[in-house]
Structures are given as structure tokens and as C-alpha cells.
């Protein structure tokens, strides 16, 4: 069964460093998402991406964040200068169509620890 | 802004019990999702529904659009059902999540 994959599973970085989190969505899916979950808190939406551009983003997704689909299969989230409060589990998801009518499939997550 | 409230926050049940988890939301939506999060963190979609009722094995999900309320039922609960159950609503082109219900089923 096709699945969303994410790498790495755990990333440890120093404050101020850049990190890139990678995702491979399900191959025929057209919509891609990043969510994050700070330990003990609810899952929060970061950004949605369709047709090679951001379709919606949250207040959390400021200038320090960017997303890219560099090669038609990978979908990346970059944090330019990490802060302590960026420590969280980051989930990538994809769906065949818009989220109004389509299930989202989640990757296993990348745990980001900023020291 | 859509707020999603779940109850209860924590639920402990004996194996075999019938379980209900509730979800309410504040504004109109196009779809509601029930998700399961395992202790390792992975999230699995259980149901997406916009009206009525859906059933998959021992899981049943219902939604009342007029009352802005959904329920997830687990029949004949089993220790392997222990997980966090999350309600999320479609709002724009994103999901807005509830805080989750931590379910523990004891044998």
C-alpha cells in the first residue's frame, strides 16, 4: 500500500542552524501539507501546497519557513534559523484532491530537537 | 476561526466496553476527520465524513451537521485500541485539530 515517507526520523540541531525536513508524498497525490505538534499539544497546520505554490499558510509559517517540491517527488520544509520553540514533531501529509473531499495520508513524522 | 473541542480528554475502559468519544466544532465545515495517533507518534486516518454515519470493523463514526457534533464509537474495545483519537475538521484547505482523547483499554 502506498505511503508517505519522511526523513530523517529524528533531527537534532543547534539554535540558529538551518534544517531541511524531507517528505515523499504518495505518487499520484496533488496536495501536500506540513503540520507540527509540540510535545503535549495539539497538531497545528503550517502550510498547504498545490500546483507548485503555497495555497494556504498559518501564522506560524513566517519568513523563517519555506517549502519546495524540488524534483517532482520530494516535498521539503526548510527552517532557516531554528529557535528553541521550533522543537516539535513535524508531519507531512498528502491528498489526492482538496481536503474538503479527500482523506489526508500522514507520514510517520520527523522529531526536531533544537538545542 | 474554527475551534474543535473533544471530550473526554482521557478515557480508561475495560476490555470489551463500548466507548464513545465526542467532538464539537464552532463553524460550518465541509468534512470531519477522525484520526488515530499511536504512542510512537504516527497518525492514521480512520474516517472522513461529511454526513450521516460510517462503519469500519468495530469503529463507527457519526456526524450531525446541524448540531456541529460528531462521535466516534468503538465496540468491544480491546487493549490494542489504546491510542490518542483526534478529531479534525476541514477548514479552507487545511485541517484544524482537536486536542485528542487519550484512550487506555485495560485487559
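Checking residue B:57 against (1) surrounded by 15 or more Cβ atoms within 10 Å (Cβ to Cβ); (2) farther than 26 Å from residue A:56 by Cβ: exactly one of these is not met. Which one?
(1)
For residues that are surrounded by fewer than 16 Cβ atoms within 10 Å (Cβ to Cβ) and within 11 Å of chain B (Cβ to nearest Cβ), scanning just the range A:60-102, find the one that is modelled with the lowest pLDDT.
Among those that are surrounded by fewer than 16 Cβ atoms within 10 Å (Cβ to Cβ) and within 11 Å of chain B (Cβ to nearest Cβ), it is A:100.
Among the residues of the range A:62-85, which ones are part of a loop (DSSP other than H, G, I, E, B) and in contact (Cβ under 8 Å) with a residue 60 or more places away in the chain?
Across the range A:62-85, the qualifying residues are A:80, A:81, A:82, A:83.
Just for strands (runs of 3 or more DSSP E) wholly inside the range B:1-67: which have at least 3 residues that are over 11 Å from the mean Cα position of the chain (by Cα) and without any contact (Cβ under 8 Å) to a residue 40 or more places away in the chain?
Numbers: elements: B:4-7, B:10-14, B:19-25, B:32-37, B:43-49, B:52-56, B:59-64.
It comes to B:52-56.
Output the residue which, of all residues in the range A:3-16 that are assigned to a loop (DSSP other than H, G, I, E, B) and in contact with a strand residue (DSSP E or B) (Cβ under 8 Å, 6 or more places away or on another chain), is surrounded by the most Cβ atoms within 10 Å (Cβ to Cβ).
The first filter runs over the range A:3-16 and keeps only residues assigned to a loop (DSSP other than H, G, I, E, B), leaving A:3-4, A:8-9, A:14-16.
Filter again for in contact with a strand residue (DSSP E or B) (Cβ under 8 Å, 6 or more places away or on another chain), leaving A:3-4, A:8-9, A:14-15.
Working: A:3: 12, A:4: 21, A:8: 13, A:9: 12, A:14: 8, A:15: 13.
Going through the qualifying residues, I end up with A:4.
All but one of (1) within 14 Å of chain A (Cβ to nearest Cβ); (2) under 30 Å from residue A:88 (Cβ atoms) hold for residue B:74, so report the exception by its number.
All conditions pass for residue B:74, except number (1).
Being part of a loop (DSSP other than H, G, I, E, B), within 14 Å of another protein chain (Cβ to nearest Cβ) and closer than 20 Å to residue A:95 by Cβ is the requirement here; does residue B:86 meet it? Don't jump to the end; show me each part of the working.
Working: part of a loop (DSSP other than H, G, I, E, B): no; within 14 Å of another protein chain (Cβ to nearest Cβ): yes; closer than 20 Å to residue A:95 by Cβ: yes.
No; evaluated as a whole, the condition is false for this residue.
Could you please let me know if residue A:47 is within 14 Å of another protein chain (Cβ to nearest Cβ), modelled with pLDDT of 95 or more and within 12 Å of residue A:20 (Cα to Cα)?
On the way: within 14 Å of another protein chain (Cβ to nearest Cβ): yes; modelled with pLDDT of 95 or more: yes; within 12 Å of residue A:20 (Cα to Cα): no.
Taking the combined requirement at face value, the residue does not satisfy it.
So which of B:45, B:107, B:24, B:50 is more than 25 Å from residue A:6 (Cα to Cα) and within 12 Å of chain A (Cβ to nearest Cβ)? Let's see the steps before the verdict.
Details: B:45 fails: more than 25 Å from residue A:6 (Cα to Cα); B:107 fails: within 12 Å of chain A (Cβ to nearest Cβ); B:24 fails: within 12 Å of chain A (Cβ to nearest Cβ).
That would be B:50, the only listed residue that is more than 25 Å from residue A:6 (Cα to Cα) and within 12 Å of chain A (Cβ to nearest Cβ).
The values are calculated or read from the model by the stated rules, or taken from the named source; none is laboratory data. This structure is a prediction, so every number in the text was calculated from the model and none was measured. Here Cβ is always computed from backbone atoms with ideal geometry, including for glycine, and neighbour counts include all displayed protein chains.
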